[in-house]
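Student: Pasting a structure below so you can have a look.
The values are calculated or read from the model by the stated rules, or taken from the named source; none is laboratory data. The shown structure was predicted, so the numbers you read here are calculated from the model rather than taken from an experiment. Here the Cβ positions follow ideal geometry from the backbone for every residue, glycine too, while neighbour counts run over all protein chains shown.
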Amino acid sequence: MPQDRAALESLPGVGRKTANVVLNIAFGHPTIAVDTHVFRVGNRTGLAPGKTPLDVEKVLETTVPMEFMQHAHHWLILHGRYVCKAQKPNCAACPLPDICRFDNKTI
């Protein structure tokens with residue numbers, strides 16, 4: 001299996017997000033896979049504002065400390081799936097209220 005994002009993306013059906021997951025999980029590369037949850041959390045909280053998933057990925061790559069890169073996208077996905085939900089965020093359960101810039105908190 002290639003350890004190069006471009007080689008992975010050349011495979012049928014593999015885009016940047018999947019390539020980043022493979023590089024991160026299978027090979028331990030410090031990559032961030034940006035799905036809809038990570039994109040929403042990055043923008044809503046202000047942790048990684050961006051107009052595209054690539055924009056959010058680039059910001060997270062520069063702001064997430066290296067020791068957390070292996071698992072950061074998993075934590076952000078879970079946070080977006082169970083706490084910072086699309087339609088009804090559960091701000092009362094959020095561990096980040098002091099840094100979150102979301103104007104319509106549900107606290």
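Student: Taking segment 88-107 only, how many residues are in contact with a helix residue (DSSP H, G or I) (Cβ under 9 Å, 6 or more places away or on another chain) and among the small types (Gly, Ala, Ser)?
Tutor: Summing the residues that are in contact with a helix residue (DSSP H, G or I) (Cβ under 9 Å, 6 or more places away or on another chain) and among the small types (Gly, Ala, Ser) in segment 88-107 gives 1.
Student: Counting just the residues of segment 7-37 that are within 16 Å of the chain's Cα centre (by Cα) and free of Cβ contacts under 8 Å to residues at least 12 places away in the same chain, which one comes out farthest from Thr52 (Cα to Cα)?
Tutor: Top of the filtered list is Ile25.
Student: Of all residues in segment 89-107, which are surrounded by fewer than 14 Cβ atoms within 10 Å (Cβ to Cβ) and under 16 Å from Phe39 (Cα atoms)?
Tutor: Matches in segment 89-107: Arg101 only.
Student: Here is a follow-up. Check Thr63, Thr31, Thr45 and return the single one that is loosely packed, with under 13 Cβ neighbours inside 10 Å and polar (S, T, N, Q). Before you say what the answer is, go through the steps one by one.
Tutor: On the way: Thr31 fails: loosely packed, with under 13 Cβ neighbours inside 10 Å; Thr45 fails: loosely packed, with under 13 Cβ neighbours inside 10 Å.
Result: Thr63 is the single residue among Thr63, Thr31, Thr45 that is loosely packed, with under 13 Cβ neighbours inside 10 Å and polar (S, T, N, Q).
Student: Let me ask another. Hey, can you tell me all the residues within segment 75-92 that are part of a helix (DSSP H, G or I) and modelled with pLDDT of 95 or more?
Tutor: Residues satisfying the conditions are Trp75, Leu76, Ile77, Leu78, His79, Gly80, Arg81, Tyr82.
Student: Could I ask something else about it? For segment 88-107, what are the residues that are closer than 21 Å to Ala48 by Cβ and of a type in the set (S, T, N, Q)?
Tutor: Passing the criteria: Asn90, Asn104.
Student: Separate question: Return a yes/no flag: does segment 17-33 have any residue that is at pLDDT 95 or above, closer than 26 Å to Ala86 by Cα, among the basic types (Lys, Arg) and outside the structural domain of Asn90 (by TED's automatic domain parsing).
Tutor: yes
Student: Output the residues belonging to segment 6-60 that are in a loop (DSSP other than H, G, I, E, B) and of a type in the set (A, V, I, L, M, F, W, C). Quick ask: steps written out before the conclusion?
Tutor: To start, the set of residues in segment 6-60 that are in a loop (DSSP other than H, G, I, E, B) comprises 10-15, 28-35, 46-52.
If the condition is that a residue be in a loop (DSSP other than H, G, I, E, B) and of a type in the set (A, V, I, L, M, F, W, C), then Leu11, Val14, Ile32, Ala33, Val34, Leu47, Ala48 are the ones that fit.
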